[in-house]
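Participant: Sharing a structure below in C-alpha cells format, with a few things to ask.
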Amino acid sequence: MTTAVIIDDEAPARDALNSMLQHFCPNVKVIGQAHNVESGYNLILSQKPEVVFLDIQMPDGTGFDLLNKFSTINFKFIIVTAYQEFAIQAFRFSAIDFLLKPIDPNELIMAVEKLNETIREEEINQKFQTLIENIQPEAKAPQKIILKTFESVLVVNREEIIRCESHNNYTMFYFANKPKVLVSTTLKEFDDMLSPSGFFRTHQSHLVNLNYVQNYRRFPESVVVLMDGTTIPVSVRKRELLTTLLKKIQRKS
C-alpha cells in the first residue's frame with residue numbers, strides 16, 4: 001500500500017481525485033488533504049507520505065514554493081494541473097510526472113503504476129531543480145532536458161543535442177561536445193518533446209536539431225549533412241516540410 005496526500009486549494013478537486021484513487025488505484029491510501037502551501041507543508045512533515053499529488057496554483061503560493069521549502073525532497077510527487085502548454089513542456093523536459101485536469105482515469109492509473117519504479121532521492125531533487133530552471137519567465141522554451149541512461153540520470157542543455165537516433169525502444173543521443181548516450185525512451189517521445197523547439201524528424205529513425213544542419217542534398221539521395229559531418233536520410237514525405245523549415249531558419253539568420 002502506497003501512502004499519499006492531496007494538496008489542492010479546491011475541495012471538489014481534492015474529493016474527486018480521492019474518489020478516483022479509491023476506485024481505480026486501491027493500492028494508494030490517501031492519508032491526508034491540504035488546501036494551501038503552508039497546510040500542505042505541515043501535512044507532509046507530520047504524515048510523511050510516500051507520494052504527494054500537488055496542485056500548482058494556490059492562494060498563498062505555488063506547488064513549487066511548497067517543494068522549495070524542503071532542503072531535500074524525500075517523497076515522490078505528481079503535479080496535478082490545468083496549466084498552460086509551456087509549463088507542460090517544462091514538465092516533460094524535466095521528466096516530472098503530471099496529470100492534466102480534468103483527470104483521465106487511464107492517465108491516473110499509468111501515473112500510479114510508475115510509482116512502483118525505484119527512484120533515488122538524488123534523482124527526485126535533480127528533476128525538481130531542472131524543472132525550476134525550465135519554468136523561469138525569461139525562458140521562451142525549456143532549456144534543459146533530463147535523460148535517463150542505464151547507469152545514471154543526466155541533465156543536458158537542449159542546444160547541445162545534435163541529433164537523436166532510434167534503437168528499437170531506446171534512443172541514442174549525439175552531442176556537440178560530449179560522448180553519445182543511450183536513453184531508455186523511444187524516439188517518438190523525444191520527437192513529441194523536442195519538435196516544438198527546433199528539432200525535426202527527417203526519417204522514422206532520426207530526429208535532428210535543425211540548427212546543426214549544414215547542407216541539404218536532394219540528389220542522388222535526399223540527406224541532410226550535419227556540422228559534425230554525419231549524413232542523415234530524409235524520407236520522401238518529409239522533404240517539402242524540411243525545405244520550408246530550413247528556409248525559415250535561413251531568413252532569421
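Nothing in this text is a laboratory measurement; each read-out follows from the coordinates by a stated rule. On a predicted model such as this, the values are computed, not experimentally measured, just so you know. Neighbour counts are summed over all protein chains in view; Cβ atoms, including those assigned to glycine, are modelled from backbone coordinates with ideal geometry.
Participant: Work out which helices of the chain, taken as complete DSSP H runs, extend at least 18 Å along their axis over the Cα atoms and score a mean Kyte-Doolittle of -0.5 or more, then list them. Please report the intermediate quantities before stating the final value.
Facilitator: Details: long enough: 11-24 (19 Å, -0.21); 121-134 (20 Å, -1.21); 239-252 (20 Å, -0.67).
Going by DSSP H runs, the hits are 11-24.
Participant: Given springs between every Cα pair under 10 Å in a Gaussian network model of the chain, which of Gln214, Gln143, Gln57 has the largest fluctuation?
Facilitator: For the chain, modelled as a Gaussian network with Cα springs under 10 Å, the answer is Gln214.
Participant: Where both partners of a DSSP beta bridge lie in the chain, what percent of those bridges are antiparallel, to the nearest 5?
Facilitator: Values: 30 of 48 bridges.
Percentage antiparallel, nearest 5: 60.
Participant: Running a GNM on the chain with Cα contacts under 10 Å, which residue among Met193, Met172, Met110 ends up with the highest mean-square fluctuation?
Facilitator: Most flexible of the set in this elastic network: Met110.
Participant: Can you tell me the relative contact order of the chain? Whole percent, Cα pairs under 8 Å, sequence separation 6 or more. Intermediate results must be reported in sequence, preceding the final value.
Facilitator: Working: 412 pairs, mean separation 25.5, N = 253.
Answer for the chain is 10 percent.
Participant: Additional query: Under a plain spin-label model, where a point goes 7 Å from the Cα along Cα-to-Cβ, how far apart in nm are Asn27 and Asn177?
Facilitator: The answer from the label model is 4.4 nm.
Participant: I've got another one for you. Defining a contact as two alpha carbons under 8 Å apart and six or more residues distant in sequence, what relative contact order in percent does region 187-253 show?
Facilitator: Working: 75 pairs, mean separation 15.2, N = 67.
Relative contact order here is 23 percent.
Participant: Cross-link candidates for Lys140: which lysines have Cα within less than 17 Å, leaving aside residues fewer than 8 places away along the same chain?
Facilitator: Answer for Lys140, where 17 Å is the Cα cut-off: Lys252, listed by chain and number.
Participant: Looking at region 56-132, which GluC sites (Glu not before Pro) are DSSP coil and have at most 10 other C-beta atoms within 10 Å of their C-beta? All intermediate terms of the calculation are to be shown ahead of the outcome.
Facilitator: On the way: sites: Glu85, Glu107, Glu113, Glu117, Glu121, Glu122, Glu123; in loops: Glu117.
Those satisfying the criteria are Glu117.
Participant: Quick one: of Lys29/Lys148; Lys76/Lys188; Lys114/Lys148; Lys148/Lys238, which pairs are farther than 22 Å apart, Cα to Cα? If you can, show how the numbers build up before the last one.
Facilitator: Details: Lys29/Lys148 29 Å; Lys76/Lys188 26 Å; Lys114/Lys148 15 Å; Lys148/Lys238 29 Å.
Going by Cα-Cα distance, Lys29/Lys148; Lys76/Lys188; Lys148/Lys238 fall outside the 22 Å limit.
Participant: Continuing with the same structure: Given the pairs Lys101/Lys178; Lys127/Lys247; Lys69/Lys101, which are separated by over 28 angstrom at their Cα positions? Present the calculation step by step, with values, prior to reporting the outcome.
Facilitator: Working: Lys101/Lys178 39 Å; Lys127/Lys247 36 Å; Lys69/Lys101 25 Å.
Beyond 28 Å: Lys101/Lys178; Lys127/Lys247.
Participant: Here's another thing I want to ask about it. Grab the beta carbon distance between Glu122 and Arg218, set R0 = 51 Å, and tell me the FRET efficiency rounded to 0.05.
Facilitator: Working: r = 48 Å, r/R0 = 0.94.
Here the calculated transfer efficiency is 0.60.
Participant: Still on this structure: Name the trypsin sites (Lys or Arg not before Pro) in region 178-253 that are in a loop by DSSP and that have at most 15 other C-beta atoms within 10 Å, would you? Mind showing how you got there, number by number?
Facilitator: Details: sites: Lys180, Lys188, Arg201, Arg217, Arg218, Arg237, Lys238, Arg239, Lys247, Lys248, Arg251, Lys252; in loops: Lys180, Arg218.
Qualifying residues, ordered by number: Lys180, Arg218.
Participant: Using alpha-carbon pairs under 8 Å, 6+ residues apart, how would you state the relative contact order of region 1-64 in percent?
Facilitator: Numbers: 106 pairs, mean separation 28.1, N = 64.
Computed over region 1-64, the figure is 44 percent.
Participant: Would you please name the chymotrypsin sites (Phe, Trp or Tyr not before Pro) within region 86-157 that are DSSP coil residues with at most 10 other C-beta atoms within 10 Å of their C-beta? Walk me through the intermediate numbers first.
Facilitator: Details: sites: Phe86, Phe91, Phe93, Phe98, Phe128, Phe150; in loops: Phe150.
Sites meeting the loop and neighbour criteria: Phe150.
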